[in-house]
Structure formats: structure tokens, C-alpha cells
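See structure below.
The values are calculated or read from the model by the stated rules, or taken from the named source; none is laboratory data. What you see is a predicted model; the values in this text were computed from it and never measured. Glycine gets a Cβ as well: all are built from the backbone with ideal geometry, and neighbour counts include every protein chain shown. Accessible surface areas use protein heavy atoms only, side chains included; no ligands, DNA or RNA. Shrake-Rupley method; radii C 1.70, N 1.55, O 1.52, S 1.80 Å.
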Amino acid sequence: MESLSELDGLPQADIERAAQMAEEQGQKGKWMFNMQRASCNPVLQYCKNRELRRKVYDAYCNRGNQGNEWDSKEICARLVRLRLERAKLMGFETPAAQILDTRMAKKPEAVYKLLDQIWTPAVKKANEELADIREEMKKDGLDCEPEGWDYRYYSERARKAKFNFDESKLSEYLEINNVLKGVFYCANRLYGITFKEVTPELPSYEKTAQAWEVYDRDSSLLAVFYSDYFPRTSKRAGAWCTSFRGQKYENGKRVEPVVVNVCSMTPATGDIPALQSVDNVTTMFHEFGHALHSFMRDVHYQSVAGVERDFVELPSQINEHWAFEPEVLDVYAKHYKTGEPLPKELLEKYEAASKYGQGFATVEYLAASYVDMDLHVLTEVPENFDVMKFEEQKLAERGIPRQIQPRYRVTNFSHTMGGGYTAGYYSYIWAEVLDADGFEAFKETGDIFNQDVAERFRKYVLTPGGIDDGMTMYRNFRGAEPKIDALLRNRGLD
């Protein structure tokens, strides 16, 4: 962008980051956005410039679908075809049947049953949000139907109008180092573990990465933890947890894992520190839940170290529940200028507004989950298979609002096309049934840090690896089968 006026409405910190990005590309005096969410989402959420929102939205949704040398439609179609061939060679009718055979879901029908239970109330809620968006657009003199690039912007406007809540104000209390103190605080309160920063002493592949030794409640070394939180040119978008060294035993002695959380958090710019969005804070707690799983795993045989894909998100997603609990916010949510704690009034506004927009968020996630499954339950793949037309057709049949695209479209859907979550993107919502029901176990005691419940969670979920199937481990922890009720309440879909 060449004119500052084109960025009207965008928070100052995002404007400065866009200027810095342009300067790094030899375009000083201009503003640049890339297709990482930390860069493009603020444009879609806050920028008044509708044409700029359209350009960013189209570019983001159509990554890998531009008809150029980087177009991935043919590659995706070939992957679907080859996966079907492999499944048949292994004696299965479809790739989904083969993959789910070793998952908690077991069969595609179980996945569709769960997605279908949530889809109808989610679409209903999204259509309610669209009605609010239409009203906000009328205030700007727009008498047309909302488009995809209008959804986040006018949804944010509607949320402000309904709840007088401005997320950018909340972000002023969410500086990344303070948030990390909150992450560590919860781990200490729940499991008694402590952290000693050892950044200068340990080798690092990236100058912004930090390192900690993690000690158990008996003062024994449990793990080494690295954080790699900020985006850079050579780093792919998204967030994940991985290990430089997994937990194992050598000569009868436990070898501590070396675990890293990799994210694309909002970096500092100028004199503005690294202030995070609600989504980014949730992501930090999420990825650290995976880290906790890696820290506490204690198995002797690598064959039972892993868990089912639709169980692996339970430790990460349950950890998200503590992020915005008032007791935890009291510890870490401090204003970046004054150090003042988060005002009660702002917290109450956030809590009132927190479920608004869940129609959109749930539909875009479920849409991607359906497409992932639909591609992998095919029993034959046409020679000239067009994955984008297939995606469009399947979602239209289910009645998706046209203003909502899947969270990832096929050509940039690395979870399924890159592997790891092939016929498995549903795992997040499957695990959300578990994590929502599991957090109820803490809430039912009146203490979100209840030590008896935390110890059961550590013993039956975090420690044993895959020694049992996921549902057995969950029942051992909870004492009962999970129910979907808490998930629907949490998302405001009940």
C-alpha cells in the first residue's frame, strides 16, 4: 500500500508492522501484508477500506489456487487418488476407513455423526451473525449482501455495538512475556512444576528463541523447553509443538525430552511491545498443553509413546480453559504502559462478548473438517478431478453461508494435504468434546486448580502415552463417557 489513508481503522501497531515489512522488502515508505494470519487478520477485522479487505481475503483464501506455477490443485487431486489406491492395497474401501481404524472414532460414520450434531446449530448462529452484519453495513450506506471480506470487519463492529467491547483494548494487557508468566503459573498450580530460564547456556537456532529447564515438584529435571514465538521469513505460518528429543529410557534411566513450541505471535514494533490478541493467547496456552504432554510422558517403549490423533489435542485444548479465568488473569494481565491489572469492567465486557462470533468460527472449522472427510471417503476419483469444485459442491449441499469459506481450502490445507491430519482434521472438535467435559471435572469441585483432579489428569492422560486406547484413558480420568453438552455451552450453540 502506498497511502496511509488506505489503512484507516487498522491499529497503530499493525500499521507499524506493515511498514517494517515493506521496508525489509526494499519498499520503505509503503505498507505490506503477507498471508500469515498475524498480518492479514487485523486487516480483515479492523480496516475500513473494503477494497483492501477484498484483496487480502481473496489472496488468503486462494493460496495455491491461482492458476500459476505454484498452483496445487493437480497435486491435491493426485494425493487423493494415490491415498485411495494405498487404502485398497491395504484391504480398506477408502483412505478414511484405513486411517480411522486406529483412531478413537474407528469409522467415518462416527466422525460425520459428531460434525452433524454441531453443524446445524453453528449455521443457525452464523446466520444470526449475518443479520447483525447487514445492519452494520446499512450504517455505512451499503445496501448489498455481505461478502466474505465483510464478515470479520462488521462482526467486530456488531460485537462492539452489542457489548461495548474493543478487543484491541484488551490486547494492551496481553504482553507476551506476561502471558507466558500466566502459562507457567497454571502449570505450577496444577502440577507443581517450576521453570528456570537457561537461554544463554543452551544452544539456539534462532536469536528470539528462549529456553527453560523444567523441574518436577520433587526438584528433579523433567524436561527442557524452548519457545520460538515470532514469525520470520523462513518460517511457515501457524503454531505447533515438536521435540528435539523425545522422552525415552537409556540404561534404565529416564532421558528428559527437549520440547519446543513454535508459533507466529505478534512481534514488538518500535516502542510498542509484543501485544497479543485473544486468539494468540489461547494459542500459547494450547501449544503449551502439548508441551506438558511431552514433559510428563513416561514410557519405556517407543511403540506406546504416541496417542491417537483424535486424542492428542485433549491435553492442548483443555489447557486453553485456564487462559482467561479471572484468577489467572490476575497474575498476568497487566497494562503494558502502567502495569495496572485488567479492569473488572473490561473483563466483564470480554466475558459477555466472548461467545459472539462463534457461529463463524465453528462453521469455518467444521467446513474444513467436512471437506477433509469427503475427500477421503471417495471410493473412486475421476481422472480430471477438480478439488475446488468438489469442495464448493459439498459445502453448498450442506447449506454453508456463502460468506464463510473453510478455515483452510483444499489447495492450502496443509493439515490434510501435507499429512498428519489426513481424514483427521475433525480431531480438534472431537477432542473439544473431551476437553470441555474434562474441564467440567475441575469446575464441579469449585476449584479450577483442584489437586485431586489435576493428579488424575496427569496420571491417566499426560503420563501413560498410548498404553491404553484414548477412550479408556479418558474414562479412567473422568470416571464416565464424555458428553457434548459442555462444548455446545462453551461455544454458545446450546
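Between (1) 69, 57, 41; (2) 69, 62, 46; (3) 81, 60, 38, which entry matches Cα extents along the principal axes in Å as derived from the coordinates of this structure?
Correct label is (2).
How big is the gap, in Å, between the Cα center of the stretch 233-309 and the Cα center of the stretch 113-154?
So the separation of the two Cα centres works out to 35 Å.
Tell me, what does the Kirkwood hydrodynamic radius of the stretch 116-163 come to in angstroms if you use every pair of distinct C-alpha atoms?
With all distinct Cα pairs of the stretch 116-163 included, I get 11.2 Å.
In percent, how large is the relative contact order of the stretch 183-320, given Cα pairs closer than 8 Å and 6 or more residues apart?
19 percent
Remind me, relative contact order of the stretch 1-110 in percent, using alpha carbon pairs under 8 angstrom and six or more residues apart?
16 percent
How many nm is it between the label spots at S5 and T120, if each spot is 7 Å from the Cα in line with the beta carbon?
Here the answer is 5.2 nm between the modelled labels.
Ranked from the most accessible area to the least, with a 1.4 Å probe and all protein chains present, what is the order of V328, V255?
These residues rank, largest area first, as V255, V328.
I'd like the accessible area for R245: 1.4 Å probe, protein heavy atoms, all chains in place, Å² to the nearest 10.
That residue has around 90 Å² of solvent-accessible surface.
Starting from the stretch 399-494, pick out the GluC sites (Glu not before Pro) whose DSSP state is loop and whose Cβ has at most 14 other Cβ atoms within 10 Å. Provide the component values of the computation, followed by the final result.
Numbers: sites: E432, E440, E444, E455; in loops: E444.
Those that pass, being in a loop and sparsely packed, are E444.
Let me have the relative contact order for the chain, percent, based on Cα pairs under 8 Å that are six or more residues apart.
19 percent
Exposed loop sites here are chymotrypsin sites (Phe, Trp or Tyr not before Pro) in DSSP loop states with at most 14 other C-beta atoms within 10 Å. What is the longest stretch of the chain lacking them?
Numbers: sites that count: W70, Y205, Y301.
After excluding every exposed loop site, the longest remaining stretch is 302-494.
Taking the Cα centre as origin and putting +1 on Lys and Arg beta-carbons and -1 on Asp and Glu beta-carbons, what dipole magnitude results for the stretch 177-303, to the nearest 20 debye?
Dipole size: approximately 200 debye.
Please work out the Cα center distance from the stretch 465-494 to the stretch 321-397, rounded to the nearest Å.
20 Å
Taking H as built 1.01 Å from N, whose amide H comes closer than 5 Å to the amide H of V259, not counting residues under 5 places away?
Those qualifying (amide H under 5 Å, at least 5 residues apart or on another chain) are V224, F225, Y226, F244.
Output the direction-averaged projected area (hull surface divided by four) of the convex hull of the alpha-carbon atoms of the stretch 180-307, in nm².
For the stretch 180-307, the mean projected area of the Cα convex hull comes to 9.3 nm².
How much accessible surface does D101 have with a 1.4 Å probe, in Å² rounded to 10?
Accessible area, nearest 10 Å²: 80 Å².
At 222 nm, what value in deg cm²/dmol follows for the chain if DSSP H runs of at least 4 each add -39500 (n - 2.57) and the sum is divided by all its residues, to the nearest 500?
-15500 deg cm²/dmol
Where the accessible area of the chain is counted over protein heavy atoms with a 1.4 Å probe, how much of it, in %, is carbon and sulfur?
48 percent
For every other residue with a beta carbon closer than 14 angstrom to the beta carbon of D374, add +1 if it is Lys or Arg and -1 if Asp or Glu, then tell me the sum.
-3
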